[in-house]
């Protein structure tokens with residue numbers, strides 16, 4: 001999913017929540033609303049550059065949030081966001097918003113679903129809980145041990161694609177459906 005699509009969907013989501021987002025142009029965060037800055041990324045982005053941007057923005061704005069499609073994060077990024085969040089908390093004890101994360105998923109019907117996690121730590125906690133269930137040997141029931149070992153190895157070797165599948169399922173199931181309004185098609189054509 002391209003960055004302009006994510007930006008359009010998140011802005012539409014914010015409007016549906018009663019907020020008044022401003023789509024920024026030029027350098028700096030991509031969306032501003034109610035004193036909060038949102039940095040938006042698409043599926044493919046330069047991780048080093050993104051970490052540099054959000055680290056700079058988090059200390060320059062009263063609150064920062066991060067938006068990206070479900071196929072963009074990997075476990076490394078989730079842990080980096082968590083570490084940044086811990087840095088924020090240690091620097092600004094009363095930091096109200098921490099580092100909220102919006103995940104965007106395309107739906108089969110052509111629409112979108114957005115799920116906002118209040119914090120990177122909360123997102124990582126949900127992912128870890130789901131991975132723990134995924135790797136529970138008891139879920140394999142009566143399968144022979146060789147089959148169980150093979151399935152676990154396959155899952156371990158494809159953690160990032162498993163993460164994408166988990167996130168997509170969570171966002172579609174628990175997220176908010178976003179209805180794009182007329183004129184909201186910027187980046188979608």
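Would a scan of segment 66-77 turn up a residue that is surrounded by fewer than 19 Cβ atoms within 10 Å (Cβ to Cβ) and over 21 Å from residue 160 (Cα atoms)?
Looking for residues that are surrounded by fewer than 19 Cβ atoms within 10 Å (Cβ to Cβ) and over 21 Å from residue 160 (Cα atoms), one finds none in segment 66-77, hence no.
Restricting attention to segment 161-181, and to residues there that are loosely packed, with under 14 Cβ neighbours inside 10 Å and touching a residue at least 40 places away in the same chain (Cβ under 8 Å), which single residue is nearest to the chain's Cα centre (by Cα)?
Checking each candidate, the answer is 174.
Just one of the numbered conditions (1) crowded, with 16+ Cβ neighbours inside 10 Å; (2) free of Cβ contacts under 8 Å to residues at least 60 places away in the same chain; (3) part of a helix (DSSP H, G or I) is not true of residue 101; which one?
Single failed check for residue 101: (3).
So how many residues does segment 22-32 have that are buried (at least 18 other Cβ atoms within 10 Å of the Cβ) and either without any contact (Cβ under 8 Å) to a residue 24 or more places away in the chain or not in a strand (DSSP E or B) (or both)?
Selection size over segment 22-32: 2.
Out of the residues in segment 33-74 that are touching a strand residue (DSSP E or B) at 6+ places or on another chain (Cβ under 6 Å) and part of a loop (DSSP other than H, G, I, E, B), state the one that is nearest to residue 117 (Cα to Cα).
Here the residue is 70.
When both residues are 6+ apart or on different chains and their Cβ atoms are under 8 Å apart, which pairs have a first residue that lies in segment 125-149 and is on the phi < 0 side of the Ramachandran plot and part of a loop (DSSP other than H, G, I, E, B), and a second that is surrounded by 12 or more Cβ atoms within 10 Å (Cβ to Cβ) and modelled with pLDDT of 85 or more?
Pairs that qualify, where the first residue is on the phi < 0 side of the Ramachandran plot and part of a loop (DSSP other than H, G, I, E, B) and the partner is surrounded by 12 or more Cβ atoms within 10 Å (Cβ to Cβ) and modelled with pLDDT of 85 or more, are 135/152; 135/155.
Among the residues in segment 87-107, are any at pLDDT 85 or above and farther than 30 Å from residue 25 by Cβ?
No, that holds for no residue.
Between 43, 113, 119, which is surrounded by fewer than 21 Cβ atoms within 10 Å (Cβ to Cβ), under 18 Å from residue 7 (Cα atoms) and under 16 Å from the mean Cα position of the chain (by Cα)?
43
Of the conditions (1) at pLDDT below 90; (2) part of a helix (DSSP H, G or I); (3) surrounded by fewer than 19 Cβ atoms within 10 Å (Cβ to Cβ), residue 187 satisfies every one except a single condition; which number is it?
Only one criterion in (1) at pLDDT below 90; (2) part of a helix (DSSP H, G or I); (3) surrounded by fewer than 19 Cβ atoms within 10 Å (Cβ to Cβ) is unmet by residue 187, namely (2).
The values are calculated or read from the model by the stated rules, or taken from the named source; none is laboratory data. Note that this is a predicted model, so its numbers are computed, not measured. Note that each Cβ is placed from the backbone with ideal geometry, even for glycine, and that neighbours are counted across all protein chains shown.
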